[in-house]
Amino acid sequence: MLGSGLSNQVGASVAALAFPAIGPLSVVAIRQWVAAAVLVLSGRPRPRHFTAPQWRPVLGLALVYAAMNLSLYTAIDRIGLGLAVTLEFLGPLAVALAGSRRRADLLAALAAAGAVAVLVRPTPSTDYLGIALALLAAVCWGCYILLNRTIGTRLPGLQGS
């Protein structure tokens with residue numbers, strides 16, 4: 001989890017540095033191609049052997065991943081890295097909260113929601129589109145987690161990724 005979180009944050013930070021030169025869309029395209037190359041080499045998938053029930057979540061994951069990165073990077077370009085990544089983290093938080101049955105988890109989530117509400121409080125310069133894009137990235141990250149779970153049950157090893 002630490003490696004995943006660090007990878008996500010470092011990736012977003014490095015990507016934000018490239019925005020002035022090539023823009024968010026190009027950054028997402030480069031990130032998608034690099035990720036695809038690494039995963040093909042490490043996972044060694046055999047797509048010709050995939051069935052339709054295996055392909056559906058894999059293709060869904062590809063679309064969700066692209067939408068997540070494009071909406072996040074566009075949000076970063078509009079509202080800054082800190083706020084965009086904070087809002088995006090609401091996706092995995094929601095997934096974790098949905099799977100929890102403990103009162104302490106609910107209280108912690110409510111405290112986090114209060115902190116996020118303070119961060120996004122409207123001002124004359126509030127960029128609502130940037131906030132909406134970061135929240136879209138949050139929804140996509142939640143879907144990303146759920147689709148990965150589905151893929152993990154339908155495809156062996158790293159083939160699904």
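Here's a check for you: in the stretch 19-32, which residue that is among the small types (Gly, Ala, Ser) and open to solvent by 30 Å² or more (accessible area, probe 1.4 Å) is nearest to Gln159 (Cα to Cα)? Break it down into steps so the answer makes sense when it comes.
Step one: filter the stretch 19-32 for residues among the small types (Gly, Ala, Ser), giving 21, 23, 26, 29.
In the following step, the residues that additionally are open to solvent by 30 Å² or more (accessible area, probe 1.4 Å) were identified as 21, 26, 29.
Working: Ala21: 34, Ser26: 26, Ala29: 21 Å.
So, considering only residues that are among the small types (Gly, Ala, Ser) and open to solvent by 30 Å² or more (accessible area, probe 1.4 Å), the one nearest to Gln159 (Cα to Cα) is Ala29.
Please specify each residue of the stretch 33-64 satisfying the condition of being closer than 18 Å to Tyr144 by Cα, at pLDDT 85 or above and open to solvent by less than 50 Å² (accessible area, probe 1.4 Å).
Across the stretch 33-64, the qualifying residues are Gln54, Pro57, Val58, Gly60, Leu61, Val64.
Can you pull out every residue in the stretch 20-57 that is aromatic (Phe, Trp, Tyr) and under 18 Å from the mean Cα position of the chain (by Cα)? Give the steps one after another, and end with the answer.
First pass over the stretch 20-57, keeping only residues aromatic (Phe, Trp, Tyr): 33, 50, 55.
Scanning the stretch 20-57 gives a single hit, Trp33.
Of all the residues that make up the stretch 118-129, how many are without any contact (Cβ under 8 Å) to a residue 12 or more places away in the chain and open to solvent by 90 Å² or more (accessible area, probe 1.4 Å)? Before you say what the answer is, go through the steps one by one.
From the stretch 118-129, those without any contact (Cβ under 8 Å) to a residue 12 or more places away in the chain are 118, 121-126, 128; that's our starting set.
If we keep only those that are open to solvent by 90 Å² or more (accessible area, probe 1.4 Å) as well, we get 121-122, 124-125, 128.
Total meeting the criteria: 5.
Looking at the stretch 84-93 only, could you name the residues that are open to solvent by less than 50 Å² (accessible area, probe 1.4 Å) and either outside any helix (DSSP H, G or I) or of a type in the set (Gly, Ala, Ser) (or both)?
Within the stretch 84-93, Ala84, Gly91 meet the criteria.
What are the residue pairs meeting all of these: first residue in the stretch 99-114, first residue more than 21 Å from Cys143 (Cα to Cα), second residue open to solvent by 50 Å² or more (accessible area, probe 1.4 Å) and at pLDDT 85 or above, Cβ atoms under 9 Å, and 6 or more apart or on different chains?
Ala108/Leu97
Looking at Ala115, Ala104, Ala96, Ala132, can you tell me which residue is over 30 Å from Ala36 (Cβ atoms) and either modelled with pLDDT of 85 or more or buried (at least 19 other Cβ atoms within 10 Å of the Cβ) (or both)? Explain how you work it out, then say what you get.
Details: Ala115 fails: either modelled with pLDDT of 85 or more or buried (at least 19 other Cβ atoms within 10 Å of the Cβ) (or both); Ala96 fails: over 30 Å from Ala36 (Cβ atoms); Ala132 fails: over 30 Å from Ala36 (Cβ atoms).
It is Ala104.
Is there any pair linking a residue in the stretch 1-29 that is free of Cβ contacts under 8 Å to residues at least 24 places away in the same chain and part of a helix (DSSP H, G or I) to one that is basic (Lys, Arg) and open to solvent by less than 80 Å² (accessible area, probe 1.4 Å), with Cβ under 8 Å and at least six apart or on different chains, and which?
Gly11/Arg31
Look through the stretch 70-83, keep the residues that are free of Cβ contacts under 8 Å to residues at least 60 places away in the same chain and part of a helix (DSSP H, G or I), and return whichever of them is most open to solvent (accessible area, probe 1.4 Å).
First, pick out the residues of the stretch 70-83 that are free of Cβ contacts under 8 Å to residues at least 60 places away in the same chain: 70, 74, 78-80, 82-83.
Okay, now just the ones that are also part of a helix (DSSP H, G or I), so 70, 74, 78-79, 82-83.
Numbers: Leu70: 64, Thr74: 41, Arg78: 114, Ile79: 38, Gly82: 50, Leu83: 39 Å².
By that ranking, first place goes to Arg78.
The values are calculated or read from the model by the stated rules, or taken from the named source; none is laboratory data. Bear in mind the structure is a predicted one, so any value in this text is a computation, not a measurement. Every residue, glycine among them, receives a Cβ derived from its backbone with ideal geometry; neighbour counts consider all protein chains shown. The area values use the complete protein model at the heavy-atom level, side chains included, leaving out ligands, DNA and RNA. Shrake-Rupley method; radii C 1.70, N 1.55, O 1.52, S 1.80 Å.
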